[in-house]
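The values are calculated or read from the model by the stated rules, or taken from the named source; none is laboratory data. The structure presented is a predicted model; accordingly, all values stated were derived computationally and were not measured. Methodologically, a virtual Cβ is constructed for each residue, glycine included, from the backbone with ideal geometry; neighbour enumeration extends over all protein chains shown. Note: areas computed on protein heavy atoms with side chains; ligands, DNA, RNA excluded. Shrake-Rupley method; radii C 1.70, N 1.55, O 1.52, S 1.80 Å.
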Amino acid sequence: MGVAVQQLAESFDTLALHAGAVADPTTGALLTPIYQTTTYRQEAVGKDKGFTYSRSANPTVSALERRLAALEGADYCTCYATGLAAMTVLCLALLRAGEHVVASEAVYGGTVRLFNQVLAPFGVTAEFVDTADEAALRKALTARPTRFVFIETPANPTLKLTDIELTARIARDAGALLVVDNTLLTPALQRPFELQADVVLHSTTKFIEGHNATVGGALITRDPELHERFSFTRNAIGAIQSPFPAWLTLQGVKTIGLRMAQHSENALRIARFLETHPRVTKLLYPGLESFPQFELARKQQTSGGALIAFEIEGGVEAGIRLMNNVRLCALAENLGSVETLITHPASMTHADVPARQRQDAGITDGLVRLSVGLEDPVDVIRDLLQALL
Ligand SMILES: Cc1ncc(COP(=O)(O)O)c(C=O)c1O
């Protein structure tokens, strides 16, 4: 196997291209190869080259792990088949029956389903609270010993923010770890470890790979002990990512800095347009001065990101009509790709979240989520204009 390219530069964009890459000594191939292999020839019993079986580790996956760890400013990363596989390993590695988690009220629907419908029967409990409300967070942590606090900021799909630094302090005082789902902004726009997070989770399916080509997940940490537990659990349950999606993600992530800056610039233009449209009754975008937590967004994010949430006059019916009428934007479940995607969270991504919890989290039946891509924003605005007629 080749050698990892030396890290001569620390700048984010340079790391996105080079960190963790493997130079192939036999061919000189510039790109890290796809090591599509199950197993590895061993020189002698007990003497291997660091790889034995691709459920435990694979060189292409390891290259992606080195790159993602470097981009988050951390030391360790494990990659998974999906974001929810990463979430599952996080929970199985850290929780035992009778233990408790406090999570943001507004999180990805699959995260709620995992806690409520998969982990609850094993005796693990989760309380969903408004983690943007300091008093509510402190109350939840005083009420019960808590293993970790899980926040998603901005939250999918309401874009509500949680103060990462403050939450890290409160969690630490209560003896809990802080896990941040950084999927919606990526390390290009938000740096949870600099704000004292213990673990960062990614659905690499979204902006990290960025091209709607793969599903994948990652757990990143600076703590060797936590990393050891994640690696052990990943191997024990068989949740590792396959080499080909890892290789595609290695290509996609190269342009993360450029893409996230452009996603934000396009989203800001589209949000400004929607804000002035007479049929839009509510609009949430963290890059706009009108956003209720604009100051917090300025404090912990570099820019507003790609997601916009809005409601239009006429409620659910009108929202559905809009989504059925778009031509350039794709009506789809995903977010975080170069193509603009439009979603109805109540019936799609968050359909499994109990209606009451959806309401408490502000996920109204009429809420529309727009994941702004890299098309010329003028074309997206034109599409939304005709769909809003
Ligand atoms: C914020 C967030 N975290 C985690 C996930 C789960 O990731 P995956 O779909 O890759 O399993 C998603 C999926 O939409 C998400 O939006």
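Among the residues making up the range 152-179, those that are touching a Leu at 6+ places or on another chain (Cβ under 7 Å), within 16 Å of Lys299 (Cβ to Cβ) and outside any helix (DSSP H, G or I) are Thr153, Pro154, Leu159, Leu161, Asp163. Can you tell me which residue in the range 186-215 is farthest from the ligand (Cβ to nearest atom), limited to those that are under 11 Å from the mean Cα position of the chain (by Cα) and part of a helix (DSSP H, G or I)? Looking at residues that are under 11 Å from the mean Cα position of the chain (by Cα) and part of a helix (DSSP H, G or I), I get Pro187. Screening the candidates Leu341, Leu322 for the property of being within 20 Å of Gly210 (Cβ to Cβ), open to solvent by less than 50 Å² (accessible area, probe 1.4 Å), touching a strand residue (DSSP E or B) at 6+ places or on another chain (Cβ under 9 Å) and not assigned by TED's automatic domain parsing to the domain that holds Thr153 yields one hit, Leu341.
With the structure loaded, tell me whether His227 is of a type outside the set (Lys, Arg), part of a helix (DSSP H, G or I) and open to solvent by 10 Å² or more (accessible area, probe 1.4 Å) or whether it fails that test.
yes
Residue by residue, here is whether (1) part of a helix (DSSP H, G or I); (2) among the basic types (Lys, Arg); (3) at pLDDT 95 or above holds:
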{"residue": "Leu328", "(1), (2), (3)": "no, no, yes"}
{"residue": "Pro345", "(1), (2), (3)": "no, no, no"}
{"residue": "Met348", "(1), (2), (3)": "no, no, no"}
{"residue": "Arg358", "(1), (2), (3)": "yes, yes, no"}
{"residue": "Asp365", "(1), (2), (3)": "no, no, no"}
{"residue": "Val380", "(1), (2), (3)": "yes, no, yes"}
{"residue": "Gln386", "(1), (2), (3)": "yes, no, yes"}
{"residue": "Leu389", "(1), (2), (3)": "no, no, no"}
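Counting the residues of the range 207-224 that are buried (at least 24 other Cβ atoms within 10 Å of the Cβ) and closer than 24 Å to Thr158 by Cα gives 8. Kindly indicate whether any position in the range 293-311 is free of Cβ contacts under 8 Å to residues at least 24 places away in the same chain, on the phi < 0 side of the Ramachandran plot, open to solvent by 70 Å² or more (accessible area, probe 1.4 Å) and not in a helix (DSSP H, G or I). No, every residue in the range 293-311 fails to be free of Cβ contacts under 8 Å to residues at least 24 places away in the same chain, on the phi < 0 side of the Ramachandran plot, open to solvent by 70 Å² or more (accessible area, probe 1.4 Å) and not in a helix (DSSP H, G or I). When the range 96-123 is limited to residues that are more than 16 Å from the ligand (Cβ to nearest atom) and in contact with a strand residue (DSSP E or B) (Cβ under 7 Å, 6 or more places away or on another chain), the one that is nearest to Leu178 (Cα to Cα) turns out to be Val102. Looking across the range 31-56, the residues that are on the phi < 0 side of the Ramachandran plot, part of a loop (DSSP other than H, G, I, E, B) and not polar (S, T, N, Q) come down to Leu31, Pro33, Ile34, Tyr35, Tyr40, Arg41, Glu43, Val45, Asp48, Lys49, Phe51, Arg55.
Here Leu141 meets each of (1) surrounded by fewer than 24 Cβ atoms within 10 Å (Cβ to Cβ); (2) over 23 Å from Ser231 (Cβ atoms); (3) within 23 Å of the chain's Cα centre (by Cα) with one exception, condition (3).
One residue alone among Val368, Val316 is over 24 Å from Arg259 (Cβ atoms), outside the structural domain of Pro187 (by TED's automatic domain parsing) and either of a type outside the set (Gly, Ala, Ser) or open to solvent by 60 Å² or more (accessible area, probe 1.4 Å) (or both), and that residue is Val316.
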